[in-house]
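One structure is given below, encoded as structure tokens.
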Amino acid sequence: MSTERYNAREAEPRWRKVWDDRGIFRTRNEDARPKYYVLEMFPYPSGRIHIGHGRNYVMGDVVARFKRMKGFNVLHPMGWDAFGLPAENAAIERKSHPREWTYENIETMREQLKLLGLSLDWSREIATCDPSYYGEQQRIFLQLMKAGFVYRKESEVNWDPVDNTVLANEQVIDGRGWRSGALVERRKLAQWFFRITALAKELLDGLDTLERWPDKVRLMQRNWIGRSEGLHVRFGIENPPVGGPNEIKVYTTRPDTLFGASFIALSPGHPLAEQLAQRSSALGAFIEECRRGGTSTAEIETQEKMGFDTGLKVRHPLGGPHLPVYVANFVLMEYGTGAIFGCPAHDQRDLDFARKYGLPVTPVVLPPGADPAVFEVGNIAYDGEGTLVHSGFLNGLSIPDAKEAVAVRLEKEPLGNEPVGERAVNYRLRDWGISRQRYWGCPIPVIHCEACGIQPVPEAELPVRLPDDVSFDAPGNPLDRHPTWKHVACPHCGGAAVRETDTMDTFVDSSWYFARFASEPGEAPLSKEAADKWLPVDQYIGGIEHAILHLLYSRFFIRALSTVGRLSLEEPFAGLFTQGMIVHETYKDEGGRWLFPEEVERRDDGSAVKIGTNEPVTIGAPEKMSKSKKNVVPPETVADTYGVDCARWFMLSDTPPERDREWTSAGIEGAWRFQQRIWRLINEAVELVPDAEPTHPDAFGAESTALRRAAHTLAAEVESDIERLHFNKAVSRVHSFVTVFGDALVAARNGEPVADLAFAVREAAQFLALAIAPMVPHLAEECWAALGKAGLVSQAGWPGIEPALLAADTVTLPIQINGKRRADITVPVAATPAEVENAVLALDAVVKALDGRAPKRIIVVPQRIVNVVA
Ligand code: ANZ
Ligand code: ZN
């Protein structure tokens, strides 16, 4: 055979240049074909990518290329989530500017992504740190502010008392500031918020419409929004403080447990707690104490329970004993009413608290089968099913019935002019605090004037640009320290005023970028017309780590933007896929230092040594590829050895795409060998049938029909696999087909050259090239060219499948002997009547019936029935 090895190193850059030069992935909005929008979550330009980052881009690319072949006008764009803290940290370390670091990384990563052969429309590339992007975001902010979706309120932040600065949650490490090491405190500061809670119900109900989202993501969002149905209960205070309220309102989801209540607890931020603290320095000190530690919920929930007895007592609304009122650190001000009644027997936090402060623990729900005379709660609260006990008129009821009975009773019970109880729905969802006291983010476009209050920056003055001349040599917000930037004239009265120096949470930047991509270069950054054309994103692909915040914020943003008339849709992402990660073993030298895979040689006995020194290497279990553990493979290394198509093929094969995939050199070598095999087969086909377009014969024999069946089935199966994102199955279909094709070529070489087989061989070779084109596009182009086809495979249509060739390979026929059904036989669909006849005559039932005689007649009705007349 004359075929040479496929040289990916030479071929791949050549094809990428052709794609680039011809601009074939440039998408136009003006295009009559149906639209398809596929998007991978855009990357943060953190440095360099490794092959593990590539998996979701490759998956998206397979979909994009496939949909293009299916005749869609595909939008597949790329951009950069370019604002954020790491750029500031890098600037501090390298004494440079965050912009420099960011754009250097973008340059590097763009080249790396291009290396992967992704069919992206680079003309729509955006970086969120570009003033044209964040300027539009400022416009959006002001529009949302006008519509009431934005407000400012005092809220707690992490405060570093040594550096005198606000810290992001990720800058608090074990309760201490990352730079100063000082114990972090909670401080109140005026902050900007998006009123996401205004759409809590819509965001919850909308989940039901997202049928092409993973159930687990919908569940996580549902839990995050956290709708609960409960009761507001007002407790009258027996000894109200002078000038204070005479009642406390709590929110409970367990009114059935009211007879088990043993205390009331107020949040340290509750107005009544603050009021009492003015007269009690001990309480004041306690509240201060509660403020220590970070603001994250996780941190608050794991803190040891602490309480302060205020000396107040409330009356029990159902006639139980009076209850003491505490201030307790585990009650959040932002949830419900900021006050609870504690029922220790049935709530773990309340139980921990009661044990610490010696409060009664009375079980009021009896587990099924338990004996009421002996049932007790020790150190584990009982939160299961059961029947009410020790609860007066509720005794004997189930929990749901008791909840209802309490609600009905308390809705009628008066306290002052209102009923004691009122049904309420609560959402766990909090408003979205977007203020960050940082430089490298989108400036919040408002001006503070002492005389006029908060003034929006006038439209004509947008964007509010970040100043370039900033220093990072002192802690705190460089925008605040800048000598001139914040000093401006008030747009309303013209007097001296100051700019807001907070910038926006970078989650804002990623909440609308997919709508930005809808506009062509040069068009308005957010165009309703363009967004109407492209949104929702048909297939969104990204990591499960974004299952909650990014997706929820984006969903909110799209609804809010539609409310103010900038867009007109409800949900941004019709289909969502969360991919698994690429994992790799880790290596450590004798000194415990991490080693890169290319520094290590694996021995046949499973051990490993360091290349050069032969020092033994400790092999660690496969883990997510990460820079810090050096278990990364750069795309360049793969491109220079096996070619990136091998990496693409490997990442798609074997493992379902939602699961983790371990990167191994054996796996990559396997991909390389398979790629060579495809290349050889294509060339053999060309050699065997030099005519690129043999004429369609009138009829096909058994051999050519079998090959055609295999080829058409391949196309149909790969199509349905890619539609369902079952990339690993698509890969394995290609494997099976290649075996069939290889055998067919051997048979064809040894047999007589016949016209129908020539046609089938050529057709099969083309189908193979087309079927692999979404997955290994460079190799597919090379094959397409070898087959003498005009144009690019990247622009070719998906194979035309003949349904008749897809019927099952075998068919089961009933066999009648003298008019009675005696047996069945399963034969290849392609079997000739003579072949069927021979098989029938060999059947036991037929042999017996004929008893040595020849049949009088056999009638084979193809694909239907066989009649034997004995
Ligand atoms: C009495 C009770 C008895 C409760 C019991 C639970 C179990 P979800 O379901 O998440 O809505 N709670 C109410 N407001 C709170 C706040 N601001 N901070 C901390 N906890 C608060 O939770 C509602 C339950 O969480 C409420 O029901 C309340 O405790 C508590 F056996 O009331 B429950
Ligand atoms: Zn003013």
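The values are calculated or read from the model by the stated rules, or taken from the named source; none is laboratory data. It should be emphasised that the depicted structure is a prediction, and the values quoted were computed from it without experimental measurement. Because the Cβ atoms are built from the backbone with ideal geometry, glycine has one as well, and the counts that use them run over all protein chains shown.
Annotations
- Residues being in a loop (DSSP other than H, G, I, E, B), surrounded by fewer than 16 Cβ atoms within 10 Å (Cβ to Cβ) and among the aliphatic types (A, V, I, L, M) - total across segment 816-848: 2
- Look at (1) over 30 Å from His390 (Cα atoms); (2) within 15 Å of ligand 1 (Cβ to nearest atom) and you find that Gln278 fails only one, number (2).
- Set Ser568, Ser554: member being touching a strand residue (DSSP E or B) at 6+ places or on another chain (Cβ under 8 Å) and either at pLDDT 95 or above or surrounded by fewer than 21 Cβ atoms within 10 Å (Cβ to Cβ) (or both): Ser554
Residue by residue, here is whether (1) among the aliphatic types (A, V, I, L, M); (2) in a loop (DSSP other than H, G, I, E, B); (3) away from ligand 1 (no atom under 14 Å from the Cβ) holds:
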position: Trp192; (1), (2), (3): no, no, yes
position: Leu203; (1), (2), (3): yes, no, yes
position: Phe235; (1), (2), (3): no, no, no
position: Val250; (1), (2), (3): yes, no, no
position: Ala265; (1), (2), (3): yes, no, no
position: Pro268; (1), (2), (3): no, yes, no
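- One residue from Ile434, Ile447 being crowded, with 21+ Cβ neighbours inside 10 Å and at pLDDT 95 or above: Ile447
- Qualifying helices (runs of 4 or more DSSP H) (wholly inside segment 484-578; at least 1 residues being more than 19 Å from Gly441 (Cα to Cα) and touching a residue at least 12 places away in the same chain (Cβ under 8 Å)): 513-516, 528-534, 549-563
- Failed item, numbered, when Leu813 is tested on (1) touching a residue at least 40 places away in the same chain (Cβ under 8 Å); (2) farther than 30 Å from Glu717 by Cβ: (2)
- Number of residues in segment 849-869 that are in contact with a strand residue (DSSP E or B) (Cβ under 6 Å, 6 or more places away or on another chain), in contact (Cβ under 8 Å) with a residue 12 or more places away in the chain and surrounded by 10 or more Cβ atoms within 10 Å (Cβ to Cβ): the value is 11.
- Checking each residue in segment 257-299 for being modelled with pLDDT under 95 and more than 23 Å from Gly244 (Cβ to Cβ) picks out Arg292, Gly293, Gly294, Thr295, Ser296, Thr297, Ala298, Glu299.
- Selection within segment 306-364 - within 13 Å of ligand 1 (Cβ to nearest atom), at pLDDT below 95 and at positive phi: Gly336
- Near pairs, Cβ below 7 angstrom, 6+ apart or cross-chain, from segment 691-714 (part of a helix (DSSP H, G or I)) to any residue that is charged (D, E, K, R) and at pLDDT 90 or above: Ser704/Asp756; Arg708/Glu763; Ala711/Glu763; His712/Glu802; Leu714/Arg733
- The number of residues in segment 434-474 that are basic (Lys, Arg) and not in a loop (DSSP other than H, G, I, E, B) comes to 1.
- Evaluation of Gln795 against (1) in contact (Cβ under 8 Å) with a residue 60 or more places away in the chain; (2) under 26 Å from Val829 (Cβ atoms); (3) among the polar types (S, T, N, Q) (one fails), failing number: (2)
- Within the option set Val498, Val470, Val508, Val464, being touching a Lys or Arg at 6+ places or on another chain (Cβ under 6 Å), more than 30 Å from Val408 (Cα to Cα) and surrounded by 15 or more Cβ atoms within 10 Å (Cβ to Cβ) holds for one residue only, Val498.
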